[in-house]
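Notes follow the structure.
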Amino acid sequence: MLNLDIPGILSTVLVLTLSLSTHEYAHGRVAYALGDDTAAQAGRLTLNPFAHLDPLGSLAFLIARIGWAKPVPVNYSKLTKAKSLKQGVLLVSLAGPLSNLAIAFVAAFLFNLTRVVAALVLVNNPALAPTSLATFRFIYDLFLAFYFSNIGLAVFNLLPLPPLDGSKIFAYFLPDRAFAWLARYERYIGLALLAVFFLAGSYMGGILSWLATPFNYLLMKPWTSLADWLIQLILG
């Protein structure tokens, strides 16, 4: 008989829908603030996951925890409130990864808050331990899934390779001529990138984990250190 982890599947779907949808919504919202209403006209200025999710990208996320949604349409020529085209592209591109880092930051806080609450409950109500441990374990796993998935999405999208957001962020620091060349050949470079990922996919997890190290120190370690200190006080 097939043994399905229903809670695990549901939590993964929740992480998938919120993380990818927030990423694309952030792109559209910043573009809208800078004068481009293309995403709004296309019905993409929403957190509704059905407006954003890509079937293949969603499957990749479920399997490998690295996926993508349908890119929000942006007409960069309409970013009239930005100081320049390059600045507009930079701000719109930064919005997606920053939204994932914001989710990771909140998830890290809630994970460690749950650890402290669990210690309080178990110290003051030992009889609740069997039920409480199972409940807290599910909550731990959910917040950790949000944390690591969003760190992975942010780091992956910050890679300076087309068509990822990082390539547009990197392009901001290039001379205008190089910026225009990168924009012209972005599609072809992106196809080459997909080929590289296909051939070296087994190494990507290790590379992304290494690149995520500074984000872990900034977003998770401070909360973990504080929670460890509080738990020591609670346990005496």
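Just one of the listed residues (93, 132) is open to solvent by less than 20 Å² (accessible area, probe 1.4 Å), over 19 Å from residue 225 (Cα atoms) and without any contact (Cβ under 8 Å) to a residue 60 or more places away in the chain, namely 132. Condition check for residue 113 on (1) over 30 Å from residue 159 (Cβ atoms); (2) at pLDDT 90 or above; (3) surrounded by 17 or more Cβ atoms within 10 Å (Cβ to Cβ): one failure, at (3).
Being of a type in the set (A, V, I, L, M), open to solvent by 10 Å² or more (accessible area, probe 1.4 Å) and within 19 Å of the chain's Cα centre (by Cα) is a property that residue 119 lacks. Which residue out of 150, 216 is among the polar types (S, T, N, Q), at pLDDT 90 or above and more than 20 Å from residue 93 (Cβ to Cβ)? Unique residue meeting the criteria: 216.
Count of the stretch 17-64 residues, restricted to those that are assigned to a loop (DSSP other than H, G, I, E, B), among the acidic types (Asp, Glu) and within 21 Å of residue 80 (Cα to Cα), is 2.
The values are calculated or read from the model by the stated rules, or taken from the named source; none is laboratory data. It should be emphasised that the depicted structure is a prediction, and the values quoted were computed from it without experimental measurement. Backbone-built Cβ (ideal geometry, glycine too); neighbour counts: all protein chains shown. Keep in mind that these areas ignore ligands, DNA and RNA; they rest on the heavy atoms of the full protein, side chains included. Shrake-Rupley method; radii C 1.70, N 1.55, O 1.52, S 1.80 Å.
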